[in-house]
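Q: First the structure, then my questions, so here it is.
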Amino acid sequence: MFSILVVGNDDRLLATRAAVLERMTGDVVQASPKVALLELARRKFDLAVLCHSLQIEDSIKVAKIAHEASHPVRVIQVIALTNSRCGYEDVPADAFSEPGPELLVQKAKLLMNGYDNRMV
């Protein structure tokens, strides 16, 4: 079972993403960027999903902290524009995903099963 942290600024969108990701695991935590940094310091997560509702600076900060955790966390950045990483170049994510639920779950499963980010 995987532990997933979903980070964003839109509570309804986070709730929807969390429900979608619960298909993979029963342990999904929703958080704002500020709360996410606290959660990463106190809990062990396998995956962090960064919502496109985040400011780029918040995505960068959360992704860096996730990668530096004592138990490194894989990171997916959900992108706002279809097939475009424009604006997200500085986010140190392991994978990028369009906002569609099925694609997000597919990318998360690939990452959690050890696929290299070039494959995702």
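Q: Restricting the range 55-96 to residues that are polar (S, T, N, Q), modelled with pLDDT of 90 or more and outside any helix (DSSP H, G or I), which is surrounded by the fewest Cβ atoms within 10 Å (Cβ to Cβ)?
A: Ranking the candidates gives 55 first.
Q: Follow-up question, since we're still on this one. Output the number of residues of the range 5-27 satisfying the condition of being under 16 Å from residue 73 (Cα atoms) and modelled with pLDDT of 95 or more.
A: 3
Q: Would you tally the residues in the range 18-31 being crowded, with 16+ Cβ neighbours inside 10 Å and either among the polar types (S, T, N, Q) or free of Cβ contacts under 8 Å to residues at least 60 places away in the same chain (or both)?
A: Looking only at that region, the number is 5.
Q: Could you figure out which of (1) assigned to a loop (DSSP other than H, G, I, E, B); (2) among the hydrophobic types (A, V, I, L, M, F, W, C); (3) loosely packed, with under 15 Cβ neighbours inside 10 Å isn't true of residue 15?
A: Unmet for residue 15, out of (1) assigned to a loop (DSSP other than H, G, I, E, B); (2) among the hydrophobic types (A, V, I, L, M, F, W, C); (3) loosely packed, with under 15 Cβ neighbours inside 10 Å: (1).
Q: Let me ask another. If a residue must be among the small types (Gly, Ala, Ser) and part of a helix (DSSP H, G or I), how many such residues does the range 1-12 contain?
A: The qualifying residues number 0.
Q: Here's a follow-up. Those residues that are outside any strand (DSSP E or B) and in contact with a helix residue (DSSP H, G or I) (Cβ under 7 Å, 6 or more places away or on another chain), I need them from the range 18-54; list them, please.
A: Answer for the range 18-54, where residues must be outside any strand (DSSP E or B) and in contact with a helix residue (DSSP H, G or I) (Cβ under 7 Å, 6 or more places away or on another chain): 20, 21, 23, 24, 33, 36, 37, 40, 46, 51, 53, 54.
The values are calculated or read from the model by the stated rules, or taken from the named source; none is laboratory data. Everything numeric in this text was worked out from a predicted model, so none of it was measured. Heads up, the Cβs are rebuilt from the backbone with ideal geometry, glycines too, and the neighbour counts pull from every protein chain shown.
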